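Structure record follows, encoded as structure tokens.
The values are calculated or read from the model by the stated rules, or taken from the named source; none is laboratory data. Fair warning: this is a prediction, and the values are worked out from it, not measured in the lab. With ideal geometry, Cβ positions are generated from the backbone for all residues, glycine too; neighbour counts draw on all protein chains shown. Please note that ligands, DNA and RNA were not included when accessible areas were found on the heavy atoms of the full protein model with its side chains. Shrake-Rupley method; radii C 1.70, N 1.55, O 1.52, S 1.80 Å.
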Amino acid sequence: MSVARCSYLTRLILAVTVCGTLSAQTPMTSDAREPASAHPKEVYPQIVRLSLAQGDVRVSLPKEKGQGEVPPWVEGRVNLPLVSGSSVVTGKGRVEIEFEDASTMYLGENSVLAFDDLTTQNGIPSTDMVLMTGVVSLNLRPTVPGEMYVLRTETDAVRIPYGSRSNVRVNSYTDATTVTPQAFTEVHLG
């Protein structure tokens, strides 16, 4: 079962739980197992979380409408959800981040990572991140046709498109980027 379908089914189950029943007017496909539009046209956030946080880890979440000042930094803790506009900073600590498709990334000590886009539109996840400084190990496997992970640094961009597998370490410096494969991998630079 595809991740997009699982994501859709999760939202459907939540809707049924909250509303109590499915509307009888929901158009069904000919096989009557799922609504005709398995991928709504709306944009919704991906499910991304901290799956490990050890040592000094701080997270800044974007401010919500009506909120005044710049959002404060909170202590990074396991299961803290991340959304577009979030930033993760490590001092003497490290963090593992898990995505909807079970892909993971590990942010090392003294690193700064910002999430510019963590959304899904038409069932296709969009993941755009910026490694400002530090080191990150990527274990990404896009599973939805059209999906692509993008990790930008000060000097380059690493792209992992649908059908690719990445197992690389990326170091971001102010004037250079290094990409070190940890196993057979396919990434696109530029």
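Might you check whether a residue that is farther than 25 Å from Asn122 by Cα, in contact with a Gly (Cβ under 9 Å, 6 or more places away or on another chain) and at pLDDT below 80 occurs anywhere in region 10-31? Give the derivation first.
First pass over region 10-31, keeping only residues farther than 25 Å from Asn122 by Cα: 20.
Remaining after also requiring in contact with a Gly (Cβ under 9 Å, 6 or more places away or on another chain): none.
No; the residues of region 10-31 include none that is farther than 25 Å from Asn122 by Cα, in contact with a Gly (Cβ under 9 Å, 6 or more places away or on another chain) and at pLDDT below 80.
Can you pull out the residues in region 167-180 that are among the β-branched types (Val, Ile, Thr), in contact (Cβ under 8 Å) with a residue 12 or more places away in the chain and open to solvent by 40 Å² or more (accessible area, probe 1.4 Å)? Give the steps one after another, and end with the answer.
Of all residues in region 167-180, those among the β-branched types (Val, Ile, Thr) come to 168, 170, 174, 177-180.
Those left that are additionally in contact (Cβ under 8 Å) with a residue 12 or more places away in the chain: 168, 170, 174, 177, 179-180.
Of everything in region 167-180, those that are among the β-branched types (Val, Ile, Thr), in contact (Cβ under 8 Å) with a residue 12 or more places away in the chain and open to solvent by 40 Å² or more (accessible area, probe 1.4 Å) turn out to be Thr174, Val179, Thr180.
Condition check: open to solvent by less than 20 Å² (accessible area, probe 1.4 Å), under 20 Å from Leu52 (Cβ atoms) and in contact with a Phe, Trp or Tyr (Cβ under 6 Å, 6 or more places away or on another chain). Does Met129 satisfy that?
yes
What single numbered condition from (1) surrounded by 14 or more Cβ atoms within 10 Å (Cβ to Cβ); (2) assigned to a strand (DSSP E or B) fails to hold for Ser164?
It is condition (2) that Ser164 fails.
Do the conditions hold for Pro45, that is, is it at pLDDT 50 or above, open to solvent by 50 Å² or more (accessible area, probe 1.4 Å) and under 27 Å from Leu140 (Cβ atoms)?
yes
Yes or no: region 112-126 includes at least one residue that is polar (S, T, N, Q), open to solvent by 10 Å² or more (accessible area, probe 1.4 Å), over 29 Å from Trp73 (Cα atoms) and touching a Lys or Arg at 6+ places or on another chain (Cβ under 7 Å).
So in region 112-126, the residues polar (S, T, N, Q) come out as 119-122, 126.
Next, from what is left, pick out any that are open to solvent by 10 Å² or more (accessible area, probe 1.4 Å): 119, 121-122, 126.
Narrowing the set further to residues that are over 29 Å from Trp73 (Cα atoms) leaves 122.
Checking the rest, the ones that are also touching a Lys or Arg at 6+ places or on another chain (Cβ under 7 Å) come to 122.
Yes, the conditions are met somewhere in region 112-126.
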